[in-house]
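So the structure is just underneath, and the comments pick up after that.
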Amino acid sequence: MAKFSDIKGFVFDLDGVITDTSVFHSQAWHQVADKVGAPWSKELEDGLKGISRMDSLEMILKAGNLQDHYTDDQKVDLATEKNTNYLKLVDKMTPANILPGIKEFLDEIKDGGYLLSLASASKNAPTVLEKLQLTNYFPKIVDPKTLSKGKPDPEIYLKGAELINLKPEQCIGVEDAAAGVESINAAGETSIGIGDKTILKDADVNFTDTSEMTLANIKEQMD
Ligand code: BG6
Ligand code: MG
């Protein structure tokens, strides 16, 4: 692991880290699973975190052995329906949906001169940031449309570091998903996992809750 003093920037996931939208994604996917008759479970719900829209749909269909029951066009329709339902939930969001301690942490790192970028798999990330009134914190956002592979591939976190002109070793990636932690680690960055430590066991630094994330607490676990 890098030394805390080597760190110059942070690459953030969005859903489940900055805001509680992971719950909205789950809700909207659960509706799709019910519609197609695929079983919904905690394992599936956790496994979907960080996964792109179309790959998420494939995982849900696979859970019900239904992959071959839908044409590509029908799959696009199901994913579009999910997104429409998801956006209805996003539309009601306000800065109150920012997770505890996140605004304070963003201010702490900004004031500390650290660079910031966003590495979310979500094509809705700019809309969500607008709703949270956090757009100004993230001038650099990886565009998921430019990716050849999603999380757990390192590509998205490598791009996040590149956007702020840092080497991966100079960056900390922040994630709530196992696929995301794997992506950060494969990119050669230091990983923070927020949430269940048994699921995020591969993270270099663990916090149960966003409110625990401060520079002092990160330094303590790194050095
Ligand atoms: C990730 C979420 O951030 O973005 C996933 O964790 C979601 O649940 C993925 O499927 C893609 O999001 P969107 O908004 O482009 O469908
Ligand atoms: Mg996430």
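The values are calculated or read from the model by the stated rules, or taken from the named source; none is laboratory data. As the structure is a computational prediction, the values presented were derived from the model and not from experiment. FYI the Cβ positions are ideal-geometry reconstructions off the backbone, even for glycines, and counts take in every protein chain you see. Remember, those area values only see protein heavy atoms, side chains included, never the ligands or the DNA or RNA. Shrake-Rupley method; radii C 1.70, N 1.55, O 1.52, S 1.80 Å.
Before moving on, here are some points about what is shown:
- Flag for D143 being open to solvent by 10 Å² or more (accessible area, probe 1.4 Å) and within 16 Å of ligand 1 (Cβ to nearest atom): yes
- For the stretch 15-37, residues that are away from ligand 2 (no atom under 16 Å from the Cβ) and open to solvent by 10 Å² or more (accessible area, probe 1.4 Å) total 6.
- For E45, the conditions (1) assigned to a helix (DSSP H, G or I); (2) surrounded by fewer than 19 Cβ atoms within 10 Å (Cβ to Cβ); (3) of a type outside the set (K, R); (4) touching a residue at least 24 places away in the same chain (Cβ under 8 Å) are fulfilled apart from (4).
- Some residue of the stretch 18-36 being polar (S, T, N, Q), touching a residue at least 24 places away in the same chain (Cβ under 8 Å) and near ligand 1 (Cβ under 10 Å from one of its atoms): yes
- Test result for L78, in a helix (DSSP H, G or I) and in contact with a helix residue (DSSP H, G or I) (Cβ under 7 Å, 6 or more places away or on another chain): yes
- Tally, over the stretch 6-17, of residues that are more than 8 Å from ligand 1 (Cβ to nearest atom) and outside any helix (DSSP H, G or I): 7
- Scanning the stretch 115-149 for residues being part of a loop (DSSP other than H, G, I, E, B) and modelled with pLDDT of 95 or more gives a total of 15.
- Qualifying residues in the stretch 60-75 (those that are assigned to a helix (DSSP H, G or I) and open to solvent by 70 Å² or more (accessible area, probe 1.4 Å)) - the one nearest to ligand 1 (Cβ to nearest atom): K62
- K197 vs. criteria within 14 Å of M1 (Cα to Cα), open to solvent by 60 Å² or more (accessible area, probe 1.4 Å) and not aliphatic (A, V, I, L, M): no
- Test set (1) within 16 Å of ligand 2 (Cβ to nearest atom); (2) open to solvent by 60 Å² or more (accessible area, probe 1.4 Å); (3) within 21 Å of C171 (Cβ to Cβ) - K123 fails condition number: (3)
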